[in-house]
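Novice: Input: one structure, supplied below.
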Amino acid sequence: MKSFIYKFWNSLKRLESNIAFYPSIISLFGLLFAFFMIYLESQGISKYLVKHAPVLVVNNTETARSLLTTFIAGLISIMVFSFSLVMILLNQASSNFSPRVLPGLISNKRHQIILGIYNATLLYCIFTLVSITPDGDKYQMPGFSVLLSIVFMTFSLGAFIYFIHSISQEIQVNTIMDKIFRQSKQRLEKLVEAESYIDTDFEDTSNWKSVIANTTGYMQDVSLNTLATLAEDHDLNIEIVPIKGAYILKGIAVLRYTGNVNENTDKNIDNEEKLEEKLLEALTFSNSELISENYILAYKQITEIAVKAMSPGINDPGTCINAIDYLTELFALRMCKKDKSYYFNEDDKALIYINTVSFEALLYNVMAALRTYCKHDIIVVQKLFIMFQYLLQQNDVLNKDYKEIIINEIINLKTDALNSHENDRDIEVIKSYIAKLENVNPSEFTFEV
């Protein structure tokens, strides 16, 4: 049952990120409300209001038809214009920043809700127009429904004004990077808070039994609670082999486990095949990646934006510098997290080993791209040295391993920067930053300028 709920919840989250999800739901409510109003009109609500509150009723047939016809034509025009703006936003973001940022823009709930309001109002106006009787009898005409259509149209115009404001903000690269940063930071903070600091280690897992993937796609999420329940029921230790967010090919090992398999047959698992089916049900595969589920994707996207900004066609070092600012804070937060992750039960026994991207690999992959495409720009190089200086000053979370990793990347950056600049003044600036970094911790490391 837990596995089914988990699968259903993940399917719902993937569906929610679709650009048509909220518009479809809101449109359905608009359609149902239109039928509800038709029912109320058949019960004489407009006839009652004409006698007791005539200001709430549009009591002229031609006026009602003209209003509804105008509303329908206007809403169609607004919808076409709004969808065109969305497509322009997605195209510009893909061309100027990175195609990887598109899922985050498509899943913007505000834009989806606004488009849903348009469509719901349009459907309401269409069915209200159809419900007007041909003879134009004032007691049969849906006068109150027409008045509501005016209210809904006014609300739609307000939503359109907000949409123009929102789309003008969303197209800005700082807004895109800030959204990526906030989602990643929230995910990282959640992982750091949930992390146990008990020192433990698994034995060599190479000889453990493997669970083979039966499909392909990105490993989007893992139900650790489901795996932990199976591990406790069958006295297992489990290793999650791929890194979360990795693309899985059919036929490769995604899990390894060891322990008693054939015990507790009352749990509906009486052999290895059934056990492995249960284990695979805890994994969710998808054809898309979401930062809310995988914080590593934020490093990739921000780095791609920085690299794209330094391309000759765009040549925007200011955006690259802003991207480095976001990366600096994300790296400082990542240093609070250990490289090895385990899932513990209530008795503090390690049940699951979770493979994660190490701090060394993460920093190297980001710096390899930035060094390759930004080493020729002395302003960006200075910003990278400032980033390393800040990371070295994080004494509360900086351990010896992380310190050595940062030092190695500083040396790599120094080598590439010095080899890419011939101007004496630029070389002097680079050496001055190296000297500053050396003074951060002179007792343990030297950079040999």
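The values are calculated or read from the model by the stated rules, or taken from the named source; none is laboratory data. Since the structure is predicted, the reported quantities are computational estimates derived from the model, not experimental observations. Ideal geometry is used to build each Cβ from the backbone, glycine not excepted, and the neighbour counts take in all protein chains shown.
Novice: Among Lys185, Lys190, Lys179, which is surrounded by fewer than 16 Cβ atoms within 10 Å (Cβ to Cβ), part of a helix (DSSP H, G or I) and at pLDDT 80 or above?
Specialist: Lys190
Novice: Consider Leu147 carefully, then state whether it is closer than 30 Å to Tyr39 by Cα, among the aliphatic types (A, V, I, L, M) and either at pLDDT 85 or above or in a helix (DSSP H, G or I) (or both).
Specialist: yes
Novice: Mind listing whichever residues of segment 219-257 are over 24 Å from the mean Cα position of the chain (by Cα) and assigned to a loop (DSSP other than H, G, I, E, B)? I'd like the intermediate steps shown before the answer.
Specialist: Pass one, segment 219-257, residues over 24 Å from the mean Cα position of the chain (by Cα): 227-239, 250-253, 255-257.
Across segment 219-257, the qualifying residues are His234, Asp235, Lys250, Gly251, Ile252.
Novice: In the set Arg14, Arg65, Arg110, Arg100, which member is under 27 Å from Ile302 (Cα atoms), assigned to a helix (DSSP H, G or I) and at pLDDT 75 or above?
Specialist: Only one candidate passes the filter, namely Arg110.
Novice: Which residue out of Thr200, Thr229 is outside the structural domain of Gly74 (by TED's automatic domain parsing) and loosely packed, with under 14 Cβ neighbours inside 10 Å?
Specialist: Thr200
Novice: Next question, about the same structure. For segment 396-449, which positions are among the polar types (S, T, N, Q) and either modelled with pLDDT of 75 or more or not in a helix (DSSP H, G or I) (or both)?
Specialist: Across segment 396-449, the qualifying residues are Asn399, Asn408, Asn412, Thr415, Asn419, Ser420, Asn423, Ser432, Asn441, Ser443, Thr446.
Novice: Here's a check for you: in segment 258-295, which residue that is at pLDDT 80 or above and part of a strand (DSSP E or B) is surrounded by the fewest Cβ atoms within 10 Å (Cβ to Cβ)?
Specialist: Thr258
Novice: Which residues, counting only those in segment 363-390, are touching a Phe, Trp or Tyr at 6+ places or on another chain (Cβ under 6 Å) and under 22 Å from Lys337 (Cβ atoms)?
Specialist: Hit for segment 363-390 is Val366, nothing else.
Novice: Hey, can you tell me all the residues within segment 379-391 that are over 17 Å from Asp426 (Cβ atoms) and either free of Cβ contacts under 8 Å to residues at least 24 places away in the same chain or surrounded by 20 or more Cβ atoms within 10 Å (Cβ to Cβ) (or both)?
Specialist: If the condition is that a residue be over 17 Å from Asp426 (Cβ atoms) and either free of Cβ contacts under 8 Å to residues at least 24 places away in the same chain or surrounded by 20 or more Cβ atoms within 10 Å (Cβ to Cβ) (or both), then Met387, Phe388, Leu391 are the ones that fit.
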